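Below is one structure, written out as structure tokens; the observations come after it.
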Amino acid sequence: MKQTKGKAHLFLFATLLWLSAVVSAQGQQTETFEANAYIQLLQSKFDVSISFAPQDLQNIRFESEQPNTLTEAISFVNSDKTPLQINQISERYYSVALKEKSNNLICLHILDEAGNPLINATVRIANNDVDYGTITNSEGKAFIPMQFIGLDATIEFLGYTSIIVPLNTSTNLCLVIALKKSINELDAVLLERIFTQGMYRRKDGSFKFTTEDFGLLPGVVEADVLQMTQVLPGVESIDETASNINIRGGSNSENLILWDGIRMYQSGHFFGLISAFNPYITKNVSVYKNGTKSRYGESVSGVIDMRAEDKVTDSIHGKGTLSLLHANAFVNIPITSNFSFLLAGRRSLNDLFQTPIYASYSERIFQNTEITNVLTSDTQSSIRSEEDFTFFDISAKALWDLSAKDKIRMNVLFIDNALQFTENITTASFSITETSNLKQQSMGAGISWSREWNARARTTLQGYTSKYELDSRNLDLFTSRDQIQRNELLENAIKIDFDYKLNDKLSFETGYALTETGVTNEDITNTPEFRRLKKDVLLSHSIFGQMSLAAFENKTLFSGGLRFVHYPKLNIYRAEPRLTLHQKLGGGFALEFLTELKSQSTSQNVGFSSDFLGVENRRWAIADNDQIPLIRSRQGSLGVLYTKDNWLLNAEFFAKKVKGITTQSQGFQNQYEFEMANGSYFVKGIELVVNKQWSQFGGWLSYTYMKNDYEFETLDTPEFPNNIDIRHAFKGALSYQLNKLSLVIGVQWRSGKPFTTPLNPNAVSTTGNE
């Protein structure tokens with residue numbers, strides 16, 4: 001009886017609610033709304049953003065009930081009871097415009113090649129002081145006020161080639177416009193996928209990575225940008241780390257590494273074992289081995305240009321991971337309709353708990369150093385040591401679309417590595433404890449303003465500061481020797497670029513950069529008492545120009561540029577031409593030629609006898625026209641490609657000459673370690689790639705042969721193999737994709753470092769721990 005009574009009460013309560021709703025609905029009365037007030041009511045009541053042209057809503061009134069739901073309101077507005085049409089852009093954003101029957105509108109009907117309407121295609125007018133935009137409705141139609149007649153409208157839709165249409169019709173008939181699928185035309189130099197999803201080879205010889213949809217690569221467990229580049233032929237790591245990259249025989253310090261246009265002088269955590277750039281915030285990456293654009297300077301080897309998300313988001317999203325080595329998190333937050341904020345952070349966890357992964361990394365990086373070689377032959381004493389290492393990085397970016405033409409971007413990146421090493425010696429009569437410290441930090445901050453003057457012209461102004469700092473203190477347990485080493489690099493730069501696209505075939509780029517780089521090196525020792533402090537500052541002016549041309553029905557792609565650099569302090573003027581040529585030959589074959597001249601004013605000195613505990617041995621230095629010259633390079637390559645039926649075959653011959661290197665920058669561990677000599681290296685070789693994609697299977701192979709030799713005229717042996725002479729390198733993988741299941745298996749082999757065989761086999765002997 002109690003259950004029956006309870007059900008009756010529940011039924012009565014539901015009935016009363018229903019009756020109340022019916023009475024309330026019947027009691028609603030219609031009101032007269034002005035169009036502008038009605039749209040504002042929808043925005044405030046349903047928390048949406050509706051864009052419109054004020055002139056479209058003038059003097060428009062209609063009768064309506066108070067809207068209960070957004071769907072109901074949109075259905076009412078789009079009915080024949082109003083002259084307006086509401087179109088949905090995204091989950092929260094809408095636009096409203098006049099319907100086609102109005103006589104003061106220009107009508108555009110946007111279709112695809114098959115005649116199907118393209119819904120939500122963007123129609124934009126940006127000319128001088130005019131800034132207007134709308135989207136197509138469910139029929140693919142867009143309506144533009146007559147006041148814009150005589151101007152040009154840019155029509156864009158994702159996956160289709162953009163088109164510019166002159167607004168010169170005043171009839172009531174719709175102008176029908178068919179957009180062509182772009183496929184690879186969105187990026188004029190994009191060729192096709194190579195190795196895996198999200199990795200592409202361009203027709204200018206460079207490579208593009210898109211990390212959001214990146215596929216599987218053998219040995220790469222997350223989208224680590226610097227580790228991914230090592231899959232490319234000619235890209236290796238001589239010390240087998242993730243971030244110390246050698247591109248065609250050059251050292252890691254000879255690469256230009258950019259994060260959203262900011263040059264970074266530190267690329268790794270854990271002394272190179274992990275990339276310092278968070279994979280969650282890095283979206284697009286461009287890698288150049290040769291034929292770099294003239295906008296890139298200050299490198300004699302490769303260029304790695306990383307870009308974060310550059311579009312304001314309309315919804316909050318993020319992700320996070322927890323591994324056996326670190327925790328990583330990312331979030332993208334919309335603040336307003338034209339402002340959003342990206343934040344990513346990563347931190348090591350070994351100070352909380354140590355895992356077998358950390359133990360493996362620690363053993364790898366600290367092997368053959370003082371940290372793992374603490375020994376004593378005195379049986380009356382004992383030595384204990386303990387190391388504590390942590391790292392973290394924080395990346396942030398603010399995106400502000402000031403208007404349809406103006407975009408402001410602000411970036412901050414902070415990288416930190418900290419090592420603390422404690423030693424203790426205990427005997428029957430005393431106990432001594434010493435703690436050594438090393439801190440390695442980098443900071444980059446920049447702000448940029450980009451203005452799109454019209455559909456063809458754009459200007460970008462950027463300013464940034466980049467700082468690298470290494471601060472170490474090494475206390476020797478046995479000698480009480482206190483050694484302090486500091487290395488600091490500070491760079492400030494201002495850049496302005498102007499891009500102009502004359503048409504789909506011809507485009508131009510030009511710009512200017514003012515860069516000031518300062519380097520400080522300091523050494524302090526108490527036994528013997530010694531102090532050395534050296535500060536150098538170098539200013540440079542750079543002007544560049546680049547032209548890209550697609551001719552003969554895109555069979556010939558040409559890009560040529562010139563970079564002019566002036567170093568007032570060094571009294572050096574340099575003209576550095578760059579050239580790429582891609583020529584289709586027919587039958588799937590193409591010929592490529594690339595060449596470039598480049599220079600670099602910064603380098604890293606590498607020492608082993610006086611470094612911190614044998615762990616970190618690199619110090620940045622700057623050219624002074626005395627002991628450290630300006631590094632200069634010239635490179636050329638000739639390649640043959642075959643692309644047909646999902647096959648890609650590429651053979652590329654290359655040669656590179658780099659002058660101005662010093663013995664101090666090459667990390668010699670022989671009789672040349674303390675020599676002061678200037679020289680060069682010459683590398684030549686061939687890169688071979690075979691790549692095939694089937695419906696579910698894929699496979700690729702690459703082989704690189706390089707011969708890399710030093711030339712130091714003042715040394716006893718003027719010519720000998722480079723320390724980064726990796727003569728043979730072979731890589732390959734097989735992949736399988738079935739729905740959401742992905743499998744990959746790979747192999748990698750390379751020859752070892754160069755070494756010298758002693759003339760006397762017994763020249764080196766080891767007894768005990770000596």
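The values are calculated or read from the model by the stated rules, or taken from the named source; none is laboratory data. Model, not experiment: these values are computed from the prediction. Here the Cβ positions follow ideal geometry from the backbone for every residue, glycine too, while neighbour counts run over all protein chains shown. In case anyone asks, the SASA skips ligands and DNA or RNA and just uses the protein heavy atoms, side chains included. Shrake-Rupley method; radii C 1.70, N 1.55, O 1.52, S 1.80 Å.
General observations
- Normalised by the number of residues in the stretch 425-505, the mean separation of alpha-carbon contacts (under 8 Å, six or more apart) gives a relative contact order of 30 percent.
- Helix 35-46 axis, angle to the chain major axis (alpha carbon atoms, nearest 10°): 50
- Overall, the accessible surface of the stretch 276-329 at a probe of 1.4 angstrom is composed of carbon and sulfur to the extent of 54 percent.
- Cα long-axis angle, helix 356-366 against the chain (0 to 90 degrees, to the nearest 10): 50
- Calculated Rg and Dmax of the chain using C-alpha coordinates, Å: 32.0, 109
- Taking the average, over residues, of other Cβ atoms within 10 Å as the packing measure, peptides 722-733, 661-672 rank 722-733, 661-672 from highest down.
- The apolar share of the surface of the stretch 708-758, taken as the fraction of accessible area on carbon and sulfur atoms (1.4 Å probe, ligands and nucleic acids excluded), comes to 58 percent.
- Taking all protein chains as they are arranged and a probe of 1.4 Å, the heavy atoms of Lys45 leave approximately 100 Å² accessible to solvent.
- When Ile257, Ile357, Ile494 are compared by accessible area of protein heavy atoms, the largest-first order is Ile494, Ile357, Ile257, using a 1.4 Å probe.
- Annotation: per residue accessible area for the chain equals 49 Å², rounded to a whole number [probe 1.4 Å, protein chains only].
- Eigenvalues of the alpha-carbon gyration tensor of the stretch 527-582, scaled by 5 and square-rooted, set the equivalent ellipsoid semi-axes at 44, 14, 7 angstrom, largest first.
- Length-normalised contact order for the chain - Cα pairs under 8 Å, 6+ apart - percent: 7
- Reciprocal of mean inverse Cα separation for the stretch 277-332 (Kirkwood radius, Å): 14.0
- For the chain, the longest principal axis of the alpha carbon atoms and the long axis of helix 2-27 meet at an angle near 70°.
- The chain - mean residue ellipticity at 222 nm from DSSP helices (-39,500 (n - 2.57) per run, n ≥ 4, rounded to 500): -2500 deg cm²/dmol
- Accessible surface ranking for Val747, Val658, 1.4 angstrom probe, highest first: Val747, Val658.
- Accessible area in the full protein assembly, largest first, 1.4 Å probe, for Glu576, Glu522, Glu63: Glu63, Glu522, Glu576
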